[in-house]
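What follows is a set of notes on a single structure, which appears directly below.
The values are calculated or read from the model by the stated rules, or taken from the named source; none is laboratory data. Source: prediction; values computed, not measured. We place every Cβ from the backbone using ideal geometry, glycine too, and count neighbours over all the protein chains shown. Protein only, heavy atoms only, side chains kept; ligands, DNA and RNA dropped before computing areas. Shrake-Rupley method; radii C 1.70, N 1.55, O 1.52, S 1.80 Å.
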Amino acid sequence: MANEQKKKLAILGGGVGSIISAFEVTSNPNWKDKYEDITLYQMGWRIGGKGASGRRGENGRIEEHGLHIWLGCYNNAFDAMQRAYKELNRPLGTPLATWQDAYKKHSYIVLAQEFKGEWTPWAFDFPTDGQTPGKGTILPSVWDLIGLTIGWMKSLLTEWDISQREDAHKDHEGHIGAIQLIKNFVKDEVLQIEVGSITLCEDILNVLIKHIERLDPDPTKHDPAHHTIIIKLLEELSDWLRRELLKLVDDHLDIKRFTILMDTGATVVTGMLRDGVLLHPNKLDSLDGEDLCDWLARHGALEITYRSPLMKGLYDLVFAFRNGEIDKPDFAAGTALRVIFRIVFTYKGAVFWKMQAGMGDTVFTPFYEVLKKRGVKFKFFHRVDNLGLSADGTSISTITMGRQATVKNGAPEEYDPIVNVADLDCWPSYPNYDQLVEGNELKAQDINLESFYTPWKDVEQITLEVGKDFDDVVFGISLGSIPYVCKELLVKKEWKDMVENLLSVRTMAFQTWMNKDLKELGWNDQSPVMDAYLDPMNTWADMSQLIDKETWPASANIRNVSYFCGPMEGGIPPQSETWAPDEALKVVKEASDPFLKNGMKAWWTKDVDSEGGFDESSVVDIFYRANIDPSERYVLSVKGSTQYRLWGNNSGFSNLYLAGDWTYNGINAGCVEATAMSGMVVSNALIGTPRLEDIEGLKDV
């Protein structure tokens with residue numbers, strides 16, 4: 001291809017979507033035949049978007065936007081991460097030399113459950129295996145998921161010893177009718193099953209498993225009666241739960257938990273079958289007009305099920321509360337089910353994988369260094385202000401930016417954003433001031449160049465022009481910023497509908513560095529990741545694996561690091577309210593401090609002073625974070641919103657491509673995997689690789 005035919009690609013924003021777009025495009029061995037220049041523009045001094053982290057001070061403490069843990073079902077994200085580490089080729093023995101050094105298995109998940117007026121941990125220790133998260137998975141179909149769910153329900157009988165209980169209501173007409181139904185069905189289907197297990201529940205599940213095994217893997221070949229019998233048998237199982245166990249749940253915690261789990265499985269399967277998900281062209285997306293808990297209730301779930309810690313933990317996981325208000329939970333049913341199924345049934349290695357340094361250190365430094373070597377340019381301190389349309393309104397013709405600071409040698413791409421902490425390349429929590437002409441002034445005024453509300457005046461405004469500075473554009477800035485930088489694009493109905501129907505939420509977090517380890521604090525079990533606890537800081541994770549990646553002196557005696565996060569109420573204040581970040585940080589502190597002193601008493605039972613109160617001397621350091629900027633707000637998956645998501649390869653403008661978890665991406669919930677998949681969709685549109693069919697989970701259910 002002649003040189004004059006080559007294009008220039010402008011990537012706006014440095015979050016996961018943008019980075020994966022650049023990584024996948026430049027992974028194509030022929031990318032230079034199409035693009036002579038790829039430049040990523042980023043406001044402030046670091047990449048990472050909502051996943052950015054920084055290091056501060058002599059202690060090199062890691063400061064995150066919140067809590068970041070990868071799931072074992074993140075096949076696309078892990079695949080890209082593994083390729084980046086392989087290409088980076090760090091010397092063995094150095095910090096985070098390989099992806100296996102950067103990520104470690106974590107299986108112990110805890111839900112906080114209140115029972116008889118006290119908090120108790122509901123622990124799930126997920127099995128581990130020797131699989132490696134990444135490509136090469138055939139994800140289960142909806143029909144497969146139904147079979148997996150029934151099999152999981154059967155496993156609960158053994159795990160909870162419920163099969164050793166004898167039914168107390170064998171003379172009940174419902175019990176007698178159910179036994180007769182099973183006998184007739186077994187006879188009609190010629191199933192070699194002997195009815196008469198100790199519990200009716202076990203009989204039902206045995207029959208269901210055999211019935212499902214006998215059916216064709218293709219549900220379009222099923223007779224409707226095949227699904228009717230599944231529904232009918234699960235209805236009998238639900239009746240059994242109500243007859244045999246429901247009266248016991250207030251006094252027996254194990255029976256309550258078993259009942260919740262079994263009722264959840266039964267309701268999910270019956271609900272999907274009743275609503276025709278198997279044969280619907282949109283599969284699980286067809287359920288997204290309804291909130292998950294409302295959907296469960298409509299299909300007859302017990303109240304203890306749809307108000308259980310299981311549901312609360314799921315909603316906490318994705319901050320699923322409109323405007324951050326806990327009394328306004330909202331998680332689209334189909335998307336929520338997809339998330340549950342992916343987490344439980346498709347993980348590899350372990351259900352969670354904990355990073356062994358900050359998100360920036362573990363994820364974005366490797367990608368940054370690889371992309372730099374490949375020839376991608378990074379222009380920091382460039383804040384996107386406006387995308388301008390062509391005269392005919394069909395493409396992007398200009399990109400207006402504010403240049404925030406001047407690199408001393410005059411070349412923006414020559415800015416070196418990295419610092420070294422404990423022999424590891426990292427991102428700082430503030431710019432490398434000594435490289436900037438305005439560095440002293442920025443430092444003296446403590447200016448935050450990442451803030452939407454900064455009072456800092458740009459050095460200059462620049463305008464990129466199509467055909468001169470760029471040809472194609474990847475928009476990788478998050479949803480909340482679209483009304484501010486894409487005003488001209490909102491003339492399209494699809495864009496206007498998207499902005500009005502896709503919602504985002506503030507989040508908040510705090511981190512503690514303690515001079516007592518978990519046992520000394522009073523937690524006598526494995527290192528936990530906990531959800532479903534007191535709002536608003538409803539999530540806690542022990543992150544003590546990070547201690548050796550920071551540089552605290554021995555005198556600090558750091559023995560535990562804990563991260564907490566949750567949703568935060570509030571909208572987007574006007575940009576002129578420069579005091580908004582400080583006010584938000586006060587709110588976080590006002591929520592965090594009482595939570596630490598009083599809320600953690602349930603788990604940190606030994607962290608008390610001589611008078612029995614919270615031992616404040618156990619806190620060596622604390623970091624608060626309020627994510628209120630438009631681009632930092634977490635993207636929600638509220639009911640009725642999925643249909644308004646735009647595909648990254650179909651923005652409605654000929655040279656504009658969209659990357660982010662707010663696009664339609666096959667998961668449609670806020671997470672690294674969804675964002676990575678969106679970046680792969682963009683790369684496919686730009687250069688043909690990866691193939692859409694090779695993006696796992698993009699079009700599965």
Task: Any strands (runs of 3 or more DSSP E) falling wholly within region 458-552 and containing at least 3 residues that are in contact (Cβ under 8 Å) with a residue 24 or more places away in the chain, of a type in the set (Lys, Arg) and surrounded by fewer than 16 Cβ atoms within 10 Å (Cβ to Cβ) - done: none
Open item on the list: If I filter region 69-97 down to residues being aliphatic (A, V, I, L, M) and outside any helix (DSSP H, G or I), which single residue comes out as surrounded by the fewest Cβ atoms within 10 Å (Cβ to Cβ)?
Closed with: Leu92
TODO: Could you list, in sequence order, all residues of region 565-588 that are in contact with a strand residue (DSSP E or B) (Cβ under 8 Å, 6 or more places away or on another chain) and over 25 Å from Glu500 (Cα atoms)?
DONE: Cys565, Leu585, Val587, Val588
TODO: At least 1 residues that are closer than 22 Å to Asp385 by Cα and in contact with a helix residue (DSSP H, G or I) (Cβ under 8 Å, 6 or more places away or on another chain) in each: list the strands (runs of 3 or more DSSP E) lying fully within region 1-60 that qualify.
DONE: 7-12, 35-42
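Which of the residues that make up region 597-655 are β-branched (Val, Ile, Thr), more than 20 Å from the chain's Cα centre (by Cα) and not in a loop (DSSP other than H, G, I, E, B)? Full working, then the answer.
The first filter runs over region 597-655 and keeps only residues β-branched (Val, Ile, Thr), leaving 605, 608, 619-620, 622, 628, 635, 638, 642.
If we keep only those that are more than 20 Å from the chain's Cα centre (by Cα) too, we end up with 605, 608, 619-620, 622.
If the condition is that a residue be β-branched (Val, Ile, Thr), more than 20 Å from the chain's Cα centre (by Cα) and not in a loop (DSSP other than H, G, I, E, B), then Val608, Val619, Val620, Ile622 are the ones that fit.
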Task: Members of region 265-289 found to be surrounded by fewer than 22 Cβ atoms within 10 Å (Cβ to Cβ) and assigned to a loop (DSSP other than H, G, I, E, B), listed by number - done: Asp275, Gly276, His280, Pro281, Asn282, Gly289
- [ ] Determine which single condition Glu236 fails, assuming it passes every other condition in (1) closer than 30 Å to Ser637 by Cα; (2) in contact with a Leu (Cβ under 7 Å, 6 or more places away or on another chain); (3) among the acidic types (Asp, Glu).
- [x] (1)
- [ ] Mind listing whichever residues of region 11-68 are surrounded by fewer than 20 Cβ atoms within 10 Å (Cβ to Cβ), of a type in the set (S, T, N, Q) and under 30 Å from Leu546 (Cα atoms)?
- [x] Asn59
TODO: Test Gln113 against the stated conditions and say whether it is surrounded by 18 or more Cβ atoms within 10 Å (Cβ to Cβ) and over 30 Å from Met514 (Cα atoms).
DONE: no
TODO: Identify the residue in region 115-172 that is hydroxyl-bearing (Ser, Thr, Tyr) and in a helix (DSSP H, G or I) and, among all such residues, is farthest from Asn524 (Cα to Cα).
DONE: Thr149
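Has region 197-211 got any residue that is over 29 Å from Ile255 (Cα atoms) and of a type in the set (D, E, K, R)?
Step one: list which residues in region 197-211 are over 29 Å from Ile255 (Cα atoms), which gives none.
There is no residue in region 197-211 that is over 29 Å from Ile255 (Cα atoms) and of a type in the set (D, E, K, R).
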- [ ] Quick one: Trp119 ticks every box in (1) surrounded by fewer than 17 Cβ atoms within 10 Å (Cβ to Cβ); (2) out of contact with any strand residue (DSSP E or B) (no Cβ under 8 Å at 6 or more places or on another chain); (3) not polar (S, T, N, Q) except a single one, so which number is it?
- [x] (2)
Open item on the list: So, Glu583, is that one open to solvent by 30 Å² or more (accessible area, probe 1.4 Å), modelled with pLDDT of 95 or more, of a type in the set (D, E, K, R) and farther than 26 Å from Thr335 by Cβ or not?
Closed with: yes
Open item on the list: Please go through region 649-673 and give me each residue that is open to solvent by less than 10 Å² (accessible area, probe 1.4 Å) and within 21 Å of Gly334 (Cα to Cα), ordered by number.
Closed with: Gly660, Trp662, Thr663, Asn665, Gly666, Asn668, Ala669, Glu673
Open item on the list: Here's a check for you: in region 407-457, which residue that is in a strand (DSSP E or B) and without any contact (Cβ under 8 Å) to a residue 60 or more places away in the chain is most open to solvent (accessible area, probe 1.4 Å)?
Closed with: Asn420
TODO: Starting from region 165-181, keep only residues that are within 19 Å of Phe258 (Cα to Cα) and touching a residue at least 12 places away in the same chain (Cβ under 8 Å), then list their pairs with residues that are part of a loop (DSSP other than H, G, I, E, B) and open to solvent by less than 70 Å² (accessible area, probe 1.4 Å) whose Cβ atoms are within a distance under 6 Å, requiring at least 6 positions of separation or different chains.
DONE: Asp167/Thr199
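Does at least one position in region 604-615 carry a residue that is under 20 Å from Lys496 (Cβ atoms) and either touching a Gly at 6+ places or on another chain (Cβ under 8 Å) or open to solvent by less than 30 Å² (accessible area, probe 1.4 Å) (or both)? Spell out how you get there, then give the answer.
Taking region 604-615 first, the residues under 20 Å from Lys496 (Cβ atoms) are none.
No, region 604-615 has no match at all.
Restricting the search to region 238-264, which residues are over 14 Å from Leu156 (Cα atoms), of a type in the set (A, V, I, L, M, F, W, C) and crowded, with 17+ Cβ neighbours inside 10 Å?
First, pick out the residues of region 238-264 that are over 14 Å from Leu156 (Cα atoms): 238-240, 242-253.
From what is left, the residues that are of a type in the set (A, V, I, L, M, F, W, C) are 240, 245-246, 248-249, 253.
Of everything in region 238-264, those that are over 14 Å from Leu156 (Cα atoms), of a type in the set (A, V, I, L, M, F, W, C) and crowded, with 17+ Cβ neighbours inside 10 Å turn out to be Trp240, Leu245, Val249.
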TODO: May I ask you to list the residues in region 548-580 that are under 21 Å from Cys426 (Cα atoms), of a type in the set (A, V, I, L, M, F, W, C) and more than 24 Å from the chain's Cα centre (by Cα)?
DONE: Trp552, Ile558
Task: Cβ pairs under 8 Å, 6+ apart, first in region 136-149 and more than 16 Å from Glu696 (Cα to Cα), second of a type in the set (Gly, Ala, Ser) - done: Thr149/Gly265
